[in-house]
Structure formats: structure tokens, C-alpha cells
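Down below is the structure, laid out as C-alpha cells.
The values are calculated or read from the model by the stated rules, or taken from the named source; none is laboratory data. These numbers were taken from a predicted model, which means no experiment stands behind them. Here the Cβ positions follow ideal geometry from the backbone for every residue, glycine too, while neighbour counts run over all protein chains shown.
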């Protein structure tokens, strides 16, 4: 019985150590979910995605058939400007002063 338990634990540990995706999954910068959505580390749902295919870049995920996750900014575009306000938000345009 002890031998069987030892073998089960050994196989489990060996499988998790030798898994080729383990190192990449831990260092994934982009996760492609089962819905083929690409989530960057900056996305609020990134940590919630548990079943995924890891990628080192957003472009690699998109090239593999993924699409941008809802609310995500494409790579290279910052989500905020230098003042900290969202660059995606519409800016209020100044109204002309009425002439009397």
C-alpha cells in the first residue's frame, strides 16, 4: 500500500516538474482563454483566467487566432495619459464665448 502511494505521488510530482508548459505558463505575459480572447497582465481579469494558453506577447496571441479581450488596449497604447486620466475618455471641447 505504501509503495502504491509512493508511486502515485512520484508520478504526480514528476509530471508537474517535466511539464513543458509549466515554465512558460508561470512567465506568461499574455493568456489566451478558451474563448480565444487575449488578456495582457494589465487587464483586470488576467489573474482570474485559470485555463489558458500562455504567450510571450500580445502579437503572438493574436497571430494564433486570438482576439483582444473586451476593454483591453492594443500593445503599445497606454491606457492613461501623463495626468492619469483615461485616454479613451472623450475630452470636453471648450465652447466659444458668445459675442454680444
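Out of all the residues in the stretch 51-72, which are surrounded by 14 or more Cβ atoms within 10 Å (Cβ to Cβ) and at pLDDT below 90? Outline the logic, then answer.
To start, the set of residues in the stretch 51-72 that are surrounded by 14 or more Cβ atoms within 10 Å (Cβ to Cβ) comprises 52-55, 58-62, 66, 68-69, 72.
72, the sole residue that qualifies.
Of these, 35, 48, 75, which one is modelled with pLDDT of 90 or more and surrounded by 10 or more Cβ atoms within 10 Å (Cβ to Cβ)? Outline the logic, then answer.
On the way: 35 fails: surrounded by 10 or more Cβ atoms within 10 Å (Cβ to Cβ); 75 fails: modelled with pLDDT of 90 or more.
Answer to the selection: 48.
Do we have any residue at all in the stretch 11-30 that's surrounded by 12 or more Cβ atoms within 10 Å (Cβ to Cβ) and either at pLDDT 95 or above or assigned to a strand (DSSP E or B) (or both)?
Among the residues of the stretch 11-30, at least one is surrounded by 12 or more Cβ atoms within 10 Å (Cβ to Cβ) and either at pLDDT 95 or above or assigned to a strand (DSSP E or B) (or both), which makes the answer yes.
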